[in-house]
């Protein structure tokens with residue numbers, strides 16, 4: 001419960017004299033998708049929206065629904081998923 005409360009505070013913040021959180025309406029996080037459709041190009045655009053110095057060690061925070069949508073992206077033939085398991089540990 002404490003970890004969930006801490007996560008909520010860091011991400012969403014509060015308007016009662018506390019930090020606003022990284023997803024505050026006045027700045028912070030960037031939305032990858034503003035519509036219900038998601039394309040592989042949207043993911044690439046999100047990565048390269050970061051300036052070069054920040055991109056190297058960047059980490060992205062995604063909710064489970066968005067991760068599921070990204071994992072379901074398929075090649076044009078519609079048969080194989082773009083995000084495949086890897087043979088190298090720790091690499092997507």
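The values are calculated or read from the model by the stated rules, or taken from the named source; none is laboratory data. Bear in mind that the values here come from a model prediction, so they are computed numbers and not experimental data. So basically every Cβ, Gly included, is an ideal-geometry build from the backbone, and we count neighbours across all protein chains shown.
For the stretch 55-64, check the following and say yes or no: at least one residue is exposed (fewer than 10 other Cβ atoms within 10 Å of the Cβ) and modelled with pLDDT under 80. Looking for residues that are exposed (fewer than 10 other Cβ atoms within 10 Å of the Cβ) and modelled with pLDDT under 80, one finds at least one in the stretch 55-64, hence yes. Restricting attention to the stretch 62-82, the residues being within 30 Å of residue 12 (Cβ to Cβ) and either in a loop (DSSP other than H, G, I, E, B) or not assigned by TED's automatic domain parsing to the domain that holds residue 47 (or both) number 4. Looking across the stretch 1-22, the residues that are modelled with pLDDT of 75 or more and surrounded by 10 or more Cβ atoms within 10 Å (Cβ to Cβ) come down to 6, 7, 8, 9, 10, 11, 12, 13, 20, 21, 22.
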